Amino acid sequence: MSLPRRSIFVPTVLAFGFAFLYVPILSMMFFSLNNSSLVTVWDGPNSPTLKWYVKLLNNRPILDAAWLSIKIAAVNATGAAVLGTLVGLVLARFGRFRGRTLLSAITTAPLVMPEVITGLSMLLLFVALEQWIGWPSGRGVTTITIAHITFSMSYVSVIVQSRLASFDESLEEAAMDLGARPPRVFRSITLPLIFPAILSGWLLSFTLSWDDLVISQFVAGPGSTTLPMVIFSKVRLGVSPDVNALATIMVLIVATGVVVSAVVMQRQERRRQREVQMALASGE
Amino acid sequence: MSRQGRLAIFERYAQRWGPFWNLFYRFGPPRWSLLLLQNGWGRNLVIGVPYLWLTLFFLIPFVIVLKISFSEIRIAMPPYAPLWEWVGDTAISIKLNFANYRYLFSDSLYVSSYLYSMQVAAISTFFCLLLGYPMAYGIARASPAARNLCLMLIILPFWTSFLLRVYAWIGLLKNNGVINNVLMALGIVDQPITMMQTDFAVYIGIVYSYLPFMILPLYTNLEKHDPTLLEAAADLGAKPAKAFFRVTLPLSMPGIFAGCLLVFIPAVGEYVIPSLLGRTDQLMIGRVLSDEFFANRDWPVAGAVAILMLLMLVVPIMLFQHFQGRELRKPS
């Protein structure tokens with residue numbers, strides 16, 4: 001869409017918006033190289049230094065918590081990808097069935113539900129379950145993982161649903177016409193088509209879990225301290241330079257990952273379009 | 001599309017992903033599960049498994065919260081009295097205790113926390129829209145390459161830790177933080193401005209953390225607009241501003257609603273941002289709930305706080321589901 005006259009307003013706001021998004025992150029990265037422990041006071045003569053990174057890599061509790069968070073996030077992402085894909089498939093392709101409205105309501109509600117409510121209700125469920133059937137005994141990694149899967153699967157289902165909405169059902173119908181049974185259709189047609197969506201759902205679930213503080217805090221037990229909990233207790237006491245170093249490492253890893261996956265996905269999407277065109281050309 | 005055309009696509013996909021799926025199926029579900037799937041059981045199974053999960057871990061917990069909000073506190077583990085008890089062998093006595101709710105309305109702390117949370121969420125949502133709308137508009141009108149880059153730049157911070165992004169603002173806003181240092185070095189102010197632990201800091205934190213949630217639905221909406229509508233408006237003599245207010249803005253209403261709800265609802269219950277940046281004399285309701293639960297160990301009152309918060313948010317949540325459902329049904 002083009003406007004008759006180009007106004008200066010929109011580009012200005014856009015530039016301001018991006019500055020707003022990135023200045024805090026860049027300043028955090030910048031001060032991670034600062035020698036002074038006063039974080040925001042630049043100690044010129046002795047900086048830049050990597051001493052906070054060294055300190056961070058020798059900090060056992062932080063490393064343990066990070067490793068635990070990675071494990072929980074990976075299990076959560078896998079579980080959420082499976083369940084979320086099922087929900088997305090059911091809502092997008094299964095037509096009407098009894099209880100569809102309820103299913104769609106309880107999958108979109110976790111997207112906006114305030115975390116304190118989800119966290120509290122989960123914890124009370126686990127406590128009640130333990131009273132009734134003795135499982136889960138105590139709270140810890142298992143309960144955190146279950147809680148994370150429950151809210152992450154909503155995100156996966158939304159991504160899968162919108163991917164499915166962008167394909168019409170003609171491919172699946174064609175496979176059915178050719179005699180494939182539903183499981184076979186799913187395996188050979190639907191799954192490959194929505195695979196990029198499942199993959200981005202997996203990644204999103206991973207970061208959601210990796211990032212979650214509030215819900216984890218409710219359902220965690222002794223010995224299951226995740227990285228956000230460690231960071232939160234440090235940050236509550238004020239800024240500390242090794243948190244800046246940690247943030248920098250995380251931002252760099254994520255940025256690399258996002259850029260690489262964006263490039264790969266774009267390339268695949270382009271190839272897919274080319275193949276569709278070629279197939280169309282050869283078929284007609 | 002012709003049969004052969006479809007078949008060709010089908011075969012290409014089978015070729016590309018073939019080895020991967022063969023591997024998956026070699027170690028995947030055994031044969032009998034496929035047999036089950038073929039006999040109509042599959043459909044029920046596919047619907048049933050996630051349904052069961054969400055009912056058990058999302059729906060039932062709310063019933064339990066509701067139940068506990070009506071019970072009495074007691075010093076034990078778990079710290080609440082059961083709602084019903086067997087009296088003798090034949091009768092059940094049910095004690096519904098409304099004291100927790102009465103308590104919430106009798107103490108001005110809770111009422112003011114609810115109102116304050118709504119106010120903070122509403123103001124932050126407004127500023128989010130004010131900043132997000134022109135950004136989404138600019139991105140929707142950029143060239144495809146610039147558009148992809150901008151979208152990636154919007155999403156990128158969202159992938160990094162939320163907690164650390166809020167933390168970053170402490171370094172900027174505090175009295176000897178970056179903003180005050182720059183302002184004083186430039187001679188604009190001589191005294192540092194107090195920005196931490198103010199409403200301003202919470203607004204900044206919420207706008208900053210939730211901006212992508214505002215921009216993305218708006219962008220999805222704005223990108224679909226038909227450019228000929230604006231041309232027609234221009235042909236009919238409308239100035240750009242008028243064309244915007246009469247054509248673009250009304251058309252983008254669904255996006256505005258979706259974005260605002262996506263920011264407003266979670267912001268009401270926000271816990272991390274006000275804890276790190278916000279006032280200490282006026283708490284938001286998310287913080288009150290968590291204090292009741294962890295510090296006071298009063299689970300019934302915490303339950304009542306949660307139920308009331310949920311009641312306040314029921315209408316916005318249902319509106320959100322309405323817009324979300326419409327968005328997902330519509331092929332892009």
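Read the figures in this text as sums done on the coordinates, not as results from a lab. Remember, it's a predicted structure, so these values are computed and weren't measured experimentally. Cβ atoms come from the backbone with ideal geometry, glycine included; neighbour counts cover every protein chain shown.
Ordering B:227-234, A:209-216, B:110-117, A:269-276 by mean Cβ neighbour count within 10 Å, with the highest value first, yields A:209-216, B:110-117, B:227-234, A:269-276. Between the C-alpha center of the stretch A:258-284 and that of the stretch A:73-146 there is a gap of 34 Å.
Legend: Rg and Dmax of chain A, from Cα coordinates, 23.7, 75 Å.
A simple count of charges around B:S290, restricted to other residues whose Cβ falls under 15 Å of its Cβ and scoring Lys, Arg +1 and Asp, Glu -1, yields -3.
Once the cut-off is 41 Å, how many percent of the Cα-Cα pairs in the protein assembly as shown end up in the long-distance tail?
Value for the protein assembly as shown (Cα pairs over 41 Å): 32 percent.
Send over the Kirkwood Rh of the stretch A:1-156, from the inverse of the averaged 1/r over different Cα pairs, rounded to one decimal Å. Mind dumping the intermediate values first?
On the way: mean 1/r = 0.0481 Å⁻¹.
Kirkwood hydrodynamic radius for the stretch A:1-156: 20.8 Å.
Our coupling estimate for the stretch B:300-305, obtained by passing each phi through the Karplus curve with A = 6.51, B = -1.76, C = 1.60 and θ = phi - 60°, is x, 5, 4, x, 5, 4 Hz, Gly and Pro reported as x.
Under a 5 Å amide H cut-off, with hydrogens placed 1.01 Å from N, B:Y80 pairs with B:R74 among residues at least 5 apart or on other chains.
Derived value for the stretch B:44-114: Kirkwood hydrodynamic radius 15.1 Å. Basis is the mean of 1/r over every pair of different alpha-carbon atoms.
What Kirkwood Rh does the stretch B:108-329 have if only Cα atoms enter the pairwise 1/r average? Answer in Å. All intermediate terms of the calculation are to be shown ahead of the outcome.
Values: mean 1/r = 0.0510 Å⁻¹.
By the Kirkwood definition, the hydrodynamic radius is 19.6 Å.
Report, in deg cm²/dmol and to the nearest 500, the calculated mean residue ellipticity at 222 nm for chain A, where each DSSP H run with n ≥ 4 adds -39500 (n - 2.57) and the sum is divided by the residue count. Before the final figure, lay out each step's value.
Working: 12 runs with 213 residues, N = 284.
That calculation yields -25500 deg cm²/dmol at 222 nm.
Net charge within 12 Å of B:Y103 by Cβ-Cβ distance, Lys/Arg positive one each and Asp/Glu negative one each, not counting B:Y103 itself?
Working: positive: B:R102; negative: B:E72, B:D107, B:E292, B:D298.
The answer is -3.
Over every Cα atom in the stretch A:63-225, the radius of gyration and the widest Cα-Cα span, Dmax, amount to 17.8, 56 Å.
Partner chain Cβ atoms within 10 Å, averaged over the residues of A:181-189 - can you pull that number for me?
Working: counts 4, 6, 9, 3, 1, 3, 7, 7, 5.
Across A:181-189, the average partner-chain Cβ count within 10 Å equals 5.
Helix A:191-211 and the longest principal axis of the C-alpha atoms of chain A enclose an angle of approximately 20°.
Local charge for B:N180 was computed over the other residues whose Cβ lies under 14 Å away, with Lys and Arg +1 and Asp and Glu -1, and equals 0.
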